[in-house]
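What follows is a single structure, and I will ask about it in a moment.
The values are calculated or read from the model by the stated rules, or taken from the named source; none is laboratory data. These numbers come from a predicted model, not from an experiment. Cβ placement follows ideal geometry from the backbone for every residue including glycine, while neighbour counts extend to all protein chains displayed. Please note that ligands, DNA and RNA were not included when accessible areas were found on the heavy atoms of the full protein model with its side chains. Shrake-Rupley method; radii C 1.70, N 1.55, O 1.52, S 1.80 Å.
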Amino acid sequence: MKPKYFILIASCFIMMSTSIASAQNTTTLNRYYYFKIWGFLKYKHPVLASGKLDADSVFLKNLPAVDKAKTNAEFNAAISNMLQQLGVVKRLPAPIKQPAAKVITNNIDNSWFTSAKYLSEANSQKLQFIYQNRYVSASPYYYTEKSFGTDIPHEKSYPFADSVNIPYAYRMLTVAKMAAAVDYLYPHKYLMDSNWDKDVKEFIPLFVNADTRIEHEMLMLKLSALITDTHSFRFYKQMKNSRKILHVGLYPPFDFRLMDDKQVLVTKILIPELCQKAGIQAGDIITGFGNQTTKQRVNELAGLLSASNRSALLSNLSIYKNNLLFATDSLQSKINYQRKGVSRSTVLQWAGEAELPVIIEYLKAKMKFDYEGTETDYVSPEIVRFKIAEITRYSSNLPEGRFYEGMDSIFNIAAKAKGLIFDMRGYPRWGGFLNFVYKRFGQDSKLFAHYYKQDFDDFGRYILSTDSTTYRPPGIHPERDLYKGKVVIITDGQTLSLSEFQTMYLQGIFPNAVTIGEQSAGADGDEKMLMLPGGYEFNFTGNAIFYPDGTHAQRKGVRIDKLMHPLAADLLSGKDTLLQAAIDMINSKN
């Protein structure tokens, strides 16, 4: 081939490739701005935000016109047509008043429609007018009436058979809903590691090309992981194909704990036959399995499972019941491990159906309370412990007619102890327990936290709740029985949500308490649940919790005075490193 013809063909190929890439980019930007505009209208436009018109129907009706748009002018014409369908927005008789209380405005950025060149001047002005005359109501259609409510109302499930893929239009609706939720309902967007708008743009073509249900579900998990919120960690349980996506199913024949990103400590042998055959012993450090190192597997899961911080991720991956850490695609896997500093490898058979009864009995034993009744939990002479995950034993066992008398008796005993330990490593199934602690030992009515809730006057803005009942029930007043002993609070990655809020509550009741342990889950605030097409519930933190000095609890977790981690030797012997440290602190003369 002559050089000049080769150059001509190469030039034509480059021009064609550039043209295709440009068209794809235009299509993606069209969809991105359409999703952005739709989310804005859903929470701001008087017709949609009030529920007079169904937001999803408007989205689905106008999506084809947006997809057909080949030029910016055609795209803006489609947007103009959609706005016209919604009718004329009436000018408010007076400007919307600015809130008197403190607000969080970190997520507010209207520049995408006030100054973005992608939108025509006419459409930009229409959106600005809508914002200035937006829907304001104490009962928004697409949000929980109470700030602590969980399920977001009027969100359709659009059920599809598990065996079929989610249709294209509903995949697009999924992305639009998730994008709008983070823009307007997730107070911590500004704390995310990545740029959410950039993420959405990158994921749009991936969702477009998701040909199977499993691809669609994997993309939902990857997108949710980017919001770095431990409340969203369990979103994987909504997936029909979670086992395939996460490569799990079989159980390890031993219990374990992630000591860090790279090392898994074998803490207890559960199926001796399988472990003996592979030569695995308690105390071995697993550094890899299958074709991955432990760190590679942790990083893989970090891209699919949302967590506010690394501590929360490692903590949840270390829970045997979750069964997420080890990839068990086949019955057997190669295991790389260390014993007394010597590297070894073996082939391990995972626990299958035959071993399941043993696994079930082990899990039942782990879930059993230390005490079944209302006995005082003396962990050492004159030291009383309250385990937040087990406090329902009080509410469940005290006679209804003598409930308050029984709680007074419990705290009469606690008041005489030389030390109190509040073990917050778990979730409080009874939210009222701490109010009894406050009633007995509280000294004042100062706020122990600042709770920011959705501002219904401007979705995406969060306003400080000054209502005292947000923090404590009405009618509870501290008896000011000053506790003279030592108080230690224990936390770890399972200190999540209400448990974190109540840890802050305890720190307020006992200002001299010492908080020890591992970083908490970093997802303080009430959880919200948004229904997505296919019946998936996307969960995330819906309110923002700060300490009174302005320090946020999201991602960071609660304040810890002494960061500590369980010791390997203690994990092997069954000793609780953090509990023992708390006991030692109370017994010390300092």
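Relative contact order for region 471-555 using alpha-carbon pairs under 8 Å, separation at least 6, rounded to a whole percent?
For region 471-555, the relative contact order is 25 percent.
Region 378-587: D in µm²/s via Stokes-Einstein (Kirkwood Rh, Cα pairs, 25 °C, 0.890 mPa s)?
In µm²/s, the coefficient rounds to 134.
I need the calculated FRET efficiency for the pair residue 565 and residue 435, taking r as the beta carbon distance and R₀ as 30 Å, to the nearest 0.05.
So the FRET efficiency works out to roughly 0.40.
Ratio of region 3-244's C-alpha Rg to 2.2 N^0.38 Å, to two decimals?
It is 1.13.
Sticking with this structure for a sec: Given 387/416; 189/439; 52/556; 189/334, which pairs have Cα atoms separated by over 29 Å?
189/439; 52/556; 189/334
Something else about it: Pull out the extension gain between residue 145 and residue 366, defined as 0.36 nm times the separation in residues minus the alpha carbon to alpha carbon distance; nm, one decimal.
Going from the current span to full extension adds 75.8 nm.
Mind checking which of 367, 164, 412 is farthest towards the positive end of the chain's charge dipole, using Cβ charges of +1 (Lys, Arg) and -1 (Asp, Glu) about the Cα centre?
164
Just to make sure I understand: if all protein chains stay in place, what is the order of 45, 450 by accessible area at 1.4 Å, largest first?
If we order 45, 450 from most to least accessible, we get 450, 45.
Quick one: check the C-alpha center-to-center distance for region 31-91 versus region 275-353, whole angstrom.
Measuring centre to centre over Cα atoms gives 48 Å.
Find out how many positive minus negative residues lie around residue 355, taking Lys and Arg as positive, Asp and Glu as negative, among other residues whose Cβ is under 13 Å from that of residue 355.
-2
Right, here's the next one. When the chain is fully extended, how far beyond the present Cα-Cα distance does residue 60 get from residue 244, taking 0.36 nm per residue of separation?
63.2 nm
Also: For region 386-465, what relative contact order do you get, as a whole percent, if you take Cα pairs closer than 8 Å and at least 6 residues apart?
Relative contact order of region 386-465: 32 percent.
Pull out the extension gain between residue 340 and residue 409, defined as 0.36 nm times the separation in residues minus the alpha carbon to alpha carbon distance; nm, one decimal.
Gain on stretching residue 340 to residue 409: 19.8 nm.
Follow-up question, since we're still on this one. Over the chain, calculate the relative contact order: mean separation of alpha carbon pairs under 8 Å at least 6 apart, over the residue count, as a percent.
Relative CO of the chain lands at 16 percent.
Under a plain spin-label model, where a point goes 7 Å from the Cα along Cα-to-Cβ, how far apart in nm are residue 330 and residue 72?
Simple spin-label model gives 5.5 nm for this pair.
The chain: D in µm²/s via Stokes-Einstein (Kirkwood Rh, Cα pairs, 25 °C, 0.890 mPa s)?
Estimated diffusion coefficient is 91 µm²/s.
Now a separate question. Could you give the size of the charge dipole of the chain about its Cα centre, using +1 on the Cβ of each K and R and -1 on the Cβ of each D and E, expressed in debye and rounded to the nearest 20?
Taking the Cα centre of the chain as origin, the dipole is about 1180 debye.
Round to the nearest 10 and give me the degree value, 0 to 90, for the angle of helix 72-85's Cα axis relative to the longest principal axis of the chain.
Result, in degrees: 70.
Evaluate E = 1/(1 + (r/R0)^6) for residue 572 and residue 237, where r is the Cβ-Cβ distance and R0 equals 41 Å; express this FRET efficiency to the nearest 0.05.
FRET efficiency, residue 572 to residue 237: 0.85.
Ranked from the most accessible area to the least, with a 1.4 Å probe and all protein chains present, what is the order of 300, 353?
Output order, biggest surface exposure first: 353, 300.
Binned at 10 Å from 0, what are the whole-percent values of the Cα-Cα distance distribution for region 407-499, short to long?
Going out from 0 Å in 10 Å bins, region 407-499 shows 13, 37, 36, 11, 4, 0 percent.
Quick one: what Rg and Dmax do you get for region 247-367 from the alpha carbons, in Å?
When restricted to Cα atoms, region 247-367 yields Rg and Dmax of 13.5, 39 Å.
Next up: Roughly how big is region 243-293's charge dipole about its Cα centre, with Cβ charges of +1 (Lys, Arg) and -1 (Asp, Glu), in debye to the nearest 20?
200 debye
Please work out how much accessible surface residue 108 shows to a 1.4 Å probe, ignoring ligands, DNA and RNA, in Å² rounded to 10.
Rounded to the nearest 10, the figure is 60 Å².
Using the Cα centre as the reference, give the magnitude of the dipole from point charges on the C-beta atoms of region 217-335 (Lys, Arg: +1; Asp, Glu: -1; all else neutral), rounded to the nearest 20 debye.
Computed about the Cα centre, the dipole is about 180 debye.
Just for the chain, what percent of DSSP beta bridges are antiparallel, to the closest 5?
In the chain, approximately 70 percent of DSSP beta bridges are antiparallel ones.
Among the chymotrypsin sites (Phe, Trp or Tyr not before Pro) in region 418-492, which ones are in a DSSP loop with at most 16 other Cβ atoms within 10 Å of the Cβ? Mind listing them?
Here the sparse-neighbourhood loop sites are 430.
With all protein chains present, calculate the accessible area of residue 121 using a 1.4 Å probe and round the result to the nearest 10 Å².
Per-residue accessible area (residue 121): approximately 120 Å².
Name the lysines eligible as straight-distance cross-link partners of residue 268: C-alpha to C-alpha under 19 Å, and not fewer than 8 places from it in the same chain.
Output for residue 268: 277, 321, 340, 364, 366, 368, 575.
Would you mind getting me the FRET efficiency between residue 25 and residue 84? Use the beta-carbon distance for r and R0 = 22 Å, nearest 0.05.
Computed FRET efficiency for residue 25 and residue 84: 0.20.
Measure off 7 Å from each Cα along the Cα-to-Cβ vector at residue 110 and residue 580, then give the distance between these two points in nanometres to one decimal.
6.0 nm
Given a 1.4 Å probe and heavy atoms of the protein chains only, how would you sort 363, 127, largest accessible area at the top?
The most accessible residue leads, giving 363, 127.
Let me ask something else. Measure off, as a whole percent, the carbon and sulfur share of the 1.4 Å-probe accessible area of the chain, all protein chains present.
Within the chain, the accessible surface is 54 percent carbon and sulfur.
Continuing with this model, one more query. Would you mind listing how long region 515-570 runs along its three principal axes, going by Cα atoms, in whole Å with the largest first?
The principal-axis extents, from largest down, are 47, 36, 11 Å.
Please give the per residue accessible area of the chain, computed with a probe of 1.4 Å over protein heavy atoms only, in Å².
I get 46 Å² per residue for the chain.
Can you compute the modelled spin-label distance between residue 260 and residue 195, with each label point 7 Å from Cα toward Cβ, in nm?
Using points 7 Å along Cα→Cβ, the separation is 3.3 nm.
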